[in-house]
Every structure is written in C-alpha cells, then in structure tokens.
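Notes for the one structure printed next.
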Amino acid sequence: METTQQDVAHGSRLNAYTALILATLAMIVCFMSWSNFAPLAAQVGTMFHLSVASRTLLLATPVLLGSIARIPVGILSDKYGGKKVYIILMIFILIPLFMIPRVHSFGMLLFAALLVGMAGTSFAVGVSYASVWFPKEQQGLALGIVSMGNMGNAVAALTLPYISKSHGFTAVYNFLMILTVVIGVIFAIFCKEMSTNPNKTMGEALSVAKESSTWYLSLFYFLTFGLFVAFTNLTPLFLTGMFNYSQVTAGLYAALFAGVCTIIRPVGGFMADKMRPMMLLQWVFVAIIAFAILIMVSFKSQPLFIAGIVLVGLAAGVGNGVVFKMVPYVSQGNTGAVTGFVGAMGGLGGFFPPLVIGWIKEWTGSYELGIGLLVLTGVICLFALWHHFIRGDARIVK
C-alpha cells in the first residue's frame with residue numbers, strides 16, 4: 001500500500017502530539033523530584049535539627065544546580081536530541097532519590113539535594129524537544145503547554161506529605177523513583193527523536209549570549225519564574241512557622257500557589273499573541289510589586305497573606321507565559337540555548353530568595369525585609385522593561 005501525503009502528515013502530527021504530551025508529563029515527574037524538600041521541610045528540619053537558615057539552604061540547594069545546568073543541557077538537547085538527553089537525565093536523578101532517605105548527616109543531605117537539582121534542567125530539555133515539532137505560528141501554544149510541566153511542584157506538594165504521613169519518609173523516595181522509571185520507559189518507547197544539528201559548535205550555540213534581549217528576558221524571568229520556585233518552596237515554611245499549619249495543610253496551600261502559577265501560564269502566552277507583549281509585561285510587573293507589598297504587610301493576617309500569595313502567583317504565571325512567548329524570536333534554531341539561559345536565570349531567581357529570606361529571618365526575627373527586596377526587584381525589572389523595550393522599542397516586540 002502506498003503512503004500518501006495525508007498519511008505522512010497524520011504521522012507527523014501524531015509524533016508532535018506524542019512528543020508534547022510525554023515531554024510535559026516527564027517534566028511534571030522531574031519537577032516533583034526537584035521540589036521534593038519543600039512540602040517535607042518541617043519533617044526534614046525536625047529529623048536533622050535544622051535552623052530556619054539551614055532549612056532555607058536545603059530548599060535552595062537543588063535550585064542552584066537545576067538552574068545553572070540548564071544552559072549546557074539545553075545546548076546538548078539542540079545538538080544531540082532531546083529524547084536522548086531526557087532519558088539520561090531521568091536515569092541520573094534516580095541516584096540522589098535513592099540517597100536522600102539513607103543519609104545521616106546534613107552535609108550528605110545537601111550533597112544529595114545538589115544532585116537532585118539536575119531534575120530542574122528538564123525544563124530546558126522539554127522546551128527544546130517539544131517546540132521543534134510545531135511550526136513557528138504554533139510554538140507559543142506548544143511552549144505554554146510543555147511549560148505546564150512546572151505543575152510537578154504542585155503535585156509534589158499535594159502528594160508527598162500524604163505519602164510520608166501514611167507510609168513513612170523512605171516511601172516518598174521509593175514512589176518518586178518508581179514514577180521516574182515508568183515515565184522514562186514510556187518516553188523511550190513512544191517518543192521519536194527530534195531533528196538535531198550535531199555539527200553545531202558550542203560557539204554557535206552560545207551566540208545567543210550576544211543578544212541583549214536574551215539577558216533582558218533572563219532578568220524578567222529571574223523575577224517571574226523565581227517567584228514561582230521561591231514561593232512554592234517558602235509557602236509551607238511560612239504557614240507552618242507563622243500560622244501553625246500542619247505539614248499536610250501547608251502543602252495544600254503550596255500546591256494551590258504552584259497550580260495557580262502554572263495553569264495561568266498559557267493564558268499569559270495567549271494574551272501575548274493578542275497584545276504587544278512588553279506592554280502586557282509592564283502591567284504584570286506593576287501587579288507583582290503591588291501584591292508583594294500586600295504580602296509584606298500581612299504577616300500577621302492569615303487571610304490577607306494567603307490572598308497576597310495567590311495574587312502574586314497569578315501575576316507571575318501570566319508573566320512566565322509572556323516572557324517565553326518571546327523566546328523563539330531571540331535566536332532561531334537555538335531554542336534550547338536561549339531556553340537554557342533564560343531558564344537558568346529564572347531558576348536562580350528561585351535560588352536566592354529562600355537563602356536571603358532565611359538569613360534575614362535569623363538576623364531580624366521577621367520576614368518583612370526579605371519580601372521588601374522582592375518589591376525592589378520588581379521595580380528594577382519595570383525600569384529595565386521601560387528603558388529597553390518600551391522607550392527603546394527593541395526589535396523583539398515587533
């Protein structure tokens with residue numbers, strides 16, 4: 001039987017949708033491992049007798065490697081293929097997942113936390129792998145969908161405390177390892193490898209660093225995605241420490257924040273299709289500043305505090321969608337590299353706040369000044385946006 005053009009097109013669409021769905025599911029599983037400590041922070045803190053500063057250091061450590069390594073991992077995905085890199089990544093993170101419940105010192109726990117941070121590089125792999133299967137006019141939607149793999153933070157916050165309470169601490173990591181193996185096998189069987197350019201040099205891949213828009217988008221993502229990571233990790237700490245919530249209930253609120261941030265992200269991308277993206281981003285930054293101020297003044301009011309957390313999550317989620325709508329336009333053919341740079345800065349935006357807020361809490365006895373630095377970061381991003389894109393009318397917004 002002859003293969004018709006319609007059959008080829010159908011097969012191509014099937015490969016594209018399979019790649020998109022499984023890349024998103026794989027990212028959800030990887031993000032569950034990446035954020036495993038946040039919903040269990042109170043329990044781990046008790047097990048290892050950790051201070052607030054030590055707890056926030058533990059929460060921040062996986063974010064560090066998961067952020068910095070996005071750059072080389074994104075480049076490797078473009079060069080050798082996202083399927084290969086994704087499978088290798090999922091095999092690697094089994095190592096720290098096996099280690100975590102078996103270590104007996106805080107130093108070894110930090111080392112395992114650093115290694116499990118590699119799970120955060122799944123963002124660069126997923127975006128690079130999924131986006132190439134779709135034409136340019138559909139890449140915004142594809143990027144928005146695959147980026148919903150961030151939902152892994154919310155799934156972790158919903159499930160891991162229950163598993164730990166019902167079956168014990170070790171069961172959490174057995175569950176994560178089984179889940180990782182299952183999705184890895186499914187991914188290996190059903191996904192096709194993307195088209196690659198193995199002859200691309202490292203210099204060509206890193207050429208995106210010469211584009212000023214790469215760094216401006218990185219700054220903006222430092223704020224918007226950094227908010228997502230930092231507050232997903234910090235919300236259980238805030239609620240258990242200030243309002244005496246149980247670990248399970250605090251995890252539910254952390255899941256609410258992560259879910260709001262993630263679900264609204266494709267809406268931000270869709271809105272950016274209809275409006276001038278950087279004008280939309282201007283209002284996102286204004287909203288983040290306003291809602292961060294609400295959080296800063298509501299540490300003694302539970303309803304206002306939770307309202308501030310949810311509202312800043314909505315604003316950050318829209319901002320994430322707007323920023324990544326612009327990624328394919330920075331450098332064609334280097335989506336993985338641009339994603340690596342921008343995603344790395346976003347991850348670092350989630351690394352520093354827990355550390356800084358933890359240190360400030362130790363020094364001053366309160367969290368307010370730490371949230372004040374978030375407000376300052378929002379003001380800096382708003383000025384940079386106005387200076388480069390709105391007043392400067394940079395090419396990327398055309």
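The values are calculated or read from the model by the stated rules, or taken from the named source; none is laboratory data. Since the structure is predicted, the reported quantities are computational estimates derived from the model, not experimental observations. Ideal geometry is used to build each Cβ from the backbone, glycine not excepted, and the neighbour counts take in all protein chains shown. Note: areas computed on protein heavy atoms with side chains; ligands, DNA, RNA excluded. Shrake-Rupley method; radii C 1.70, N 1.55, O 1.52, S 1.80 Å.
Going by accessible area, probe 1.4 Å, with all protein chains left in place, what is the ranking of 49, 387, largest first? Please list the in-between numbers first.
Numbers: 49 160, 387 75 Å².
Sorted by accessible area, descending: 49, 387.
Just from its helices, what would the mean residue ellipticity at 222 nm be for the chain, if runs of 4 or more DSSP H residues each count -39500 (n - 2.57) and the sum is divided by every residue, rounded to the nearest 500 deg cm²/dmol?
Numbers: 19 runs with 307 residues, N = 398.
Helices in the chain give a 222 nm mean residue ellipticity of -25500 deg cm²/dmol.
Taking a ≥ b ≥ c as the square roots of the eigenvalues of the Cα gyration tensor, an a/c ratio of 1.5 or more together with a/b larger than b/c marks the range 140-180 as prolate.
Between residue 387 and residue 283, the modelled label-to-label distance comes to 2.5 nm, taking each label 7 Å out from Cα in the direction of the beta carbon.
In order along the range 223-228, the phi-based Karplus estimate (6.51 cos²θ - 1.76 cosθ + 1.60, θ = phi - 60°) of 3J(HN,Hα) comes to 7, 6, 6, x, 4, 4 Hz; Gly and Pro are listed as x.
Applying 0.36 nm per residue to the separation of residue 92 and residue 52 and subtracting their alpha-carbon distance, the gain on full extension is 11.4 nm.
Over the Cα atoms of the range 38-145, what is the Rg over Rh ratio if Rh follows Kirkwood?
Computed over Cα atoms, the ratio is 1.09.
Projected label points at residue 192 and residue 302, each 7 Å from Cα along the beta carbon direction, are separated by 5.4 nanometres.
Karplus-based coupling profile of the range 207-213, in residue order and whole Hz: 4, 5, 5, 7, 7, 4, 5, with θ = phi - 60° in 6.51 cos²θ - 1.76 cosθ + 1.60 and x standing for Gly or Pro.
Would you mind checking the pairs 83/192; 83/210; 79/325; 84/325; 210/274 and listing those with alpha carbons more than 18 angstrom apart?
Cα-Cα > 18 Å for 83/210; 79/325; 84/325; 210/274; rest within.
Each residue of the range 175-183 is assigned a 3J(HN,Hα), and the resulting list reads 4, 5, 5, 4, 4, 5, 5, 4, 5 Hz, derived from the Karplus form 6.51 cos²θ - 1.76 cosθ + 1.60 (θ = phi - 60°), x at Gly and Pro. Ordered from largest to smallest accessible area (heavy atoms of protein chains, 1.4 Å probe), the residues 76, 234 come out as 76, 234. With a simple spin-label model that places each label point 7 Å from the Cα along the Cα-to-Cβ direction, the separation between residue 17 and residue 274 comes to 2.5 nm. Rounded, prolate or oblate: which fits the range 104-204 when a ≥ b ≥ c are the square roots of the eigenvalues of the alpha-carbon gyration tensor, with rounded for a/c under 1.5 and prolate only if a/b beats b/c? Prolate is the answer for the range 104-204, as a/c is 1.5 or above and a/b outweighs b/c.
For residue 369 and residue 162, the difference between the fully extended length at 0.36 nm per residue and the C-alpha to C-alpha distance is 71.2 nm. Given a 1.4 Å probe and the protein chains as shown, residue 204 ends up with an accessible area of around 90 Å².
Spatial offset of the range 239-292 relative to the range 104-170 amounts to 17 Å, using the alpha carbon center of each.
If Rh is defined by the Kirkwood formula over all Cα pairs and Rg also comes from Cα, what ratio Rg/Rh do you get for the range 169-261? Spell out each step's value before the answer.
On the way: Rg = 20.0 Å, Rh = 17.6 Å.
Radius of gyration relative to Kirkwood radius: 1.14.
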